Amino acid sequence: MVRRMLLLSAVVLLSVTSAAAQGKKSLTFDQIFKDAEPRLLQQLPSISGWFDDENYIEMKRKEGERRGAQVMVNVKTGQERPYHDLSQYQELAGKDFDLSSPASFNDAYTCLIFQKDKDLYYLSTEKKQFRRLTESSAEEKNPTLSPDAKAVAFTRENNLFSVDLESGKETQYTSDGTDLILNGWASWVYFEEIFGRASRYRAFWWSTDSKLLAFYRFDDSRVPMFPLYSSEGQHGFIEKEHYPKVGDPNPEVKIGFVRVGEAGRVVWADFDEKRDQYFGTPFWTPDGKLLLVQWMNRGQDTLKLIAVGPEGGTGREIYEEYQPSWVEWFDGIKFLDKGREFILKTDKDGWSHLYLHSMGGKLKTRLTEGKWAVADLEVVNEEKGLVYFTAKKENSTRTDLYSIGLDGKGMKRLTSGEYNHSIMVSPGGSYFITRFSNVSTPSRLALYSTGGGLVRDLGDSRTKEFDNFTIAKTELLRIPTEDGYELPMTITLPAGLDPARKYPVLIEIYGGPGAGTVSDSWRGLGSQWWAMEGIIQVAVDHRGSGHFGKEGMALMHRNLGKWEMHDYIAAVKWLRTKSYVDSTRVCITGGSYGGYVTALALTYGADYFTHGIASSSVIDWQLYDSHYVERYMDSKEENPEGYKFGSVLTHAEKYKGLLQIVHGSMDDNVHMQNSIQLVDRLEDLGKHFELMIYPGGRHGWGGAKAVHSRNETYRFYYKYLLGKDFPEDLFKNMPPRRRF
């Protein structure tokens, strides 16, 4: 295996030398960062999804146009026709009303809801009507159309409402909303860790028949308040965030049902809100008669699906899963046979796979099996008896599309080649569009039939100029650990590498459980600049990153920090065997969990890592939220040694080298408290470090501060890795990086 790795590195060297021998041109700064001519890459067609099984939606823009128009493209003929042109309704809305970004709309695009100045507006393209729906000093949040497009639901001041679109009648369903009582609006820990940031705090769900709304009611009364301080103005101010840290009380949750248009009656599901528990995203059955509620215990080792009737609120358990490490929420349930069956994706056997159950919860068929992971269930065609899904079967660094029968037989790979595929499957599963690439091949776009191969190529991001320039190759390899794991790594060596010279190393990581960094994908031209400047660029994933299934991830249970450091150190040991690696300039950088790993690398791993930039970092797990940390670490009482080892503060005395600590002052996710505690400890130890604070910054920041942050990062690379001045004039006007 080691001999194979050395050969792969030799291939990189030979390819660079060969390119130079062929008299190829060198890239310029403006080509890499400013998309200057001659362009090596071009934009691929912008395809947003499918309209039906034979037509996909594409955004067309003419040269110089800021906004384009959507067209519907037929897969067989390639013929285009207008999809939805709202410009014809501009006069109805008024010339100053922006119709380009509806807040909610139906599939037919005949009913659209807009938000302006905190109020809601309604456009019917069928009736050619436009009118205002609400007029309130408070903001309507998360407006969401009913499936039949006859009503819109929203929250206002933490209460739940709906408006009938025909009559304009507004119905208020709850009235006890306060800063602590949230109806249909998620408490912070649910928004961040359970529903996800894409939910925008929405915690209500329309029934499939549009007759009912289910919602969660959160009581934050017992959840500790964490103050986020803003230094704005003369006196500053405090933003209060109800944030449960490890061991703290979580919000109490009730699940309610209301009948649309009927105020004053809420049916509450039969759960004890005083119990220490979590509820995940629920799913309505196709007939709208039952809500499948995901329930999890505080210890997060048991997950249940409970079918709740909205009329009386009583529930019936239909599925239970236990794992000694932790269980994951279901991100979706696919109902079949008019709601009599459903498919779940679970990693309960150590790898993520698909299982077909009866509505009563009985396992009918295991659809997939093996030491590889299903990524997503895409489409089920019941008529053909086929399930279409993506998986990392051929290689954990690549995603492919497959089909399999509902009987679990006849699995077939539908994509081809050694590429990583990003796929959109048509609603009936007849076609798919894939954007595909690998570490050395820029992205391409193509349309395929699931039954008959390539229909047509849709685009290639590589221009005819690409082969005229020297491109430093990125290689995908596997490096061995002493206990048998082969860790995936990408490495980009400096252009024209001289084996007799010593080069600095830059390792960029994230590192969280199941959140790998390494994929066999094109990463754009940005790495070319650093290759030209003389930096070895590396990404590597540890055994718990997802490449080795839940089997690998479960090793992190009660051990956050341990295996990440073990495997990243193994990677540095491997790099040190290369004659051209400078072991005195090994820099690691990352944000959030990647910031945690970086800070740990410069303390616990300080004999191997010499420089680091740790952004928005968790420093001690007891300072982060209850749901995330306890999932992996259990409680502090159950696992005191794990918490002690996993804290960067435990290893601060080992710190050497140079760490730059970066944080936003109003980070609502990883509180700046983390970085301040590290700063406090390093100061007490008399250690030298750098600190960069972004006032008002959350968990990331944009605008001028983002440009400043990027340039300060690059300044760090130039000063400490390259040993030369930062080329200020080159970077000061550099636009955000584009990737093709």
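Derivation of every value follows stated rules applied to the coordinates shown; laboratory data play no part. Keep in mind that what you see is a predicted model, and the values were worked out from it rather than measured. No Cβ is skipped: glycine too gets one built from the backbone with ideal geometry, and neighbour counts run over all protein chains shown.
Which entry in (i) 42, 33, 28; (ii) 56, 29, 23; (iii) 48, 30, 26 matches semi-axes √(5λ) of the Cα gyration tensor in Å derived from the coordinates of this structure? Read-out from the structure maps to (i).
With a/c under 1.5 counting as rounded, go ahead and sort region 407-532 into rounded, prolate or oblate using the C-alpha gyration tensor (a ≥ b ≥ c being the square roots of the eigenvalues; past the cut-off, prolate if a/b is larger than b/c, else oblate). Because a/c hits 1.5 or more and a/b fails to exceed b/c, region 407-532 counts as oblate.
Each of Lys62, Lys211, Lys371 has some number of other Cβ atoms within 10 Å of its Cβ, and from fewest to most they run Lys62, Lys371, Lys211.
Per-residue Cβ neighbour counts within 10 Å put His547, His688 in the sequence His688, His547, beginning with the fewest. Under 5 Å between amide hydrogens, built in the peptide plane, is the criterion, and for Arg462 it picks out Gln42 among residues at least 5 positions away or on other chains. Peptides 318-325, 218-225, ordered by how many other C-beta atoms sit within 10 Å of their residues on average, highest first, read 218-225, 318-325. DSSP bridge analysis restricted to the chain gives an antiparallel fraction near 85%, rounded to the nearest 5. For the chain, the longest principal axis of the C-alpha atoms and the axis of helix 2-21 are separated by about 80°. Its DSSP H runs of at least 4 residues, each contributing -39,500 (n - 2.57), put the calculated 222 nm mean residue ellipticity of the chain at -4500 deg cm²/dmol, to the nearest 500.
Within the set of other residues whose C-beta is less than 13 Å from the C-beta of Ser430, count the net charge using Lys and Arg as +1 and Asp and Glu as -1. Counting the neighbours of Ser430, the net charge comes to -3.
Each Lys and Arg adds +1 at its Cβ and each Asp and Glu adds -1 at its Cβ; summed about the Cα centre, the chain shows a dipole of about 2040 debye. Once you have a ≥ b ≥ c as the square roots of the Cα gyration tensor eigenvalues for region 32-98, tell me rounded if a/c is under 1.5, and otherwise prolate or oblate according to whether a/b is larger than b/c. It is oblate, given that a/c is not under 1.5 and a/b is not larger than b/c. Relative contact order of the chain: 10 percent, from C-alpha pairs under 8 Å at least 6 residues apart in sequence. Peptides 456-466, 179-189, 518-528, 304-314 ranked from most to least packed give 179-189, 518-528, 304-314, 456-466, packing being the mean of other C-beta atoms within 10 angstrom over each peptide's residues. Peptides 658-666, 73-81 ordered by packing proxy, namely the average of other Cβ atoms within 10 Å per residue, highest first: 658-666, 73-81. Axis of helix 703-716 versus longest Cα principal axis of the chain: the two differ by about 30°, to the nearest ten degrees. Taking the Cα centre of region 137-460 as reference, the dipole from Cβ charges on Lys and Arg (+1) and Asp and Glu (-1) amounts to some 920 debye. For the residue pairs Lys76/Lys464; Lys338/Lys384; Lys245/Lys371; Lys211/Lys338, the alpha carbons lie more than 24 Å apart in Lys76/Lys464; Lys245/Lys371.
For Val586, the shell of other residues with beta-carbons less than 13 Å away shows a net charge of +3, using +1 for Lys and Arg and -1 for Asp and Glu. With the Cα gyration tensor of region 137-460 giving a ≥ b ≥ c as the square roots of its eigenvalues, does the rule (a/c under 1.5 for rounded; else a/b larger than b/c for prolate; else oblate) give rounded, prolate or oblate? Taking the square roots of the gyration eigenvalues as a ≥ b ≥ c, region 137-460 is prolate.
Seen from Glu637, the other residues with C-beta closer than 14 Å to its C-beta sum to a net charge of -2, counting Lys and Arg as +1 and Asp and Glu as -1.
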